[in-house]
């Protein structure tokens, strides 16, 4: 069983873009999610940082009542009977 928030994170990470910078480090972003970006010395480190940033972005957004984009039919803005609804 996959929880909606886990599926949302996986869907968001599929949209991630990574660039190798001039100094050999990496930058990553999820263009569809404003402000979700990270940096790392290696691609693996950048991927981990981006996941962590994404998780924080989701939690802060939900706590503050921000409207989060629907990804892969998953709408984290809807809660039904204590469970997140999918569309």
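The values are calculated or read from the model by the stated rules, or taken from the named source; none is laboratory data. If you're wondering where the values come from, they're calculated on a predicted model, not measured in any experiment. No Cβ is skipped: glycine too gets one built from the backbone with ideal geometry, and neighbour counts run over all protein chains shown.
Selection of the range 36-60 for residues being part of a helix (DSSP H, G or I), without any contact (Cβ under 8 Å) to a residue 40 or more places away in the chain and in contact with a strand residue (DSSP E or B) (Cβ under 8 Å, 6 or more places away or on another chain) yields 43, 45, 46, 47, 48, 49, 50, 52, 53.
Within the range 2-14, track down each residue that is in a loop (DSSP other than H, G, I, E, B) and closer than 14 Å to residue 58 by Cβ.
3, the sole residue that qualifies.
Confirm whether residue 33 is at pLDDT 95 or above and either surrounded by fewer than 16 Cβ atoms within 10 Å (Cβ to Cβ) or in a helix (DSSP H, G or I) (or both). So residue 33 fails the test. Residue 67: in a loop (DSSP other than H, G, I, E, B) and either farther than 14 Å from residue 15 by Cα or touching a strand residue (DSSP E or B) at 6+ places or on another chain (Cβ under 7 Å) (or both), yes or no? When the stated conditions are applied, residue 67 passes them. Going through (1) assigned to a helix (DSSP H, G or I); (2) crowded, with 17+ Cβ neighbours inside 10 Å; (3) at pLDDT 95 or above one by one, residue 28 falls short only on (1). The lone criterion from (1) assigned to a loop (DSSP other than H, G, I, E, B); (2) touching a strand residue (DSSP E or B) at 6+ places or on another chain (Cβ under 9 Å) left unmet by residue 23 is number (2). Every test in (1) under 26 Å from residue 75 (Cβ atoms); (2) loosely packed, with under 14 Cβ neighbours inside 10 Å; (3) modelled with pLDDT of 95 or more is passed by residue 9 save one, and that test is (2).
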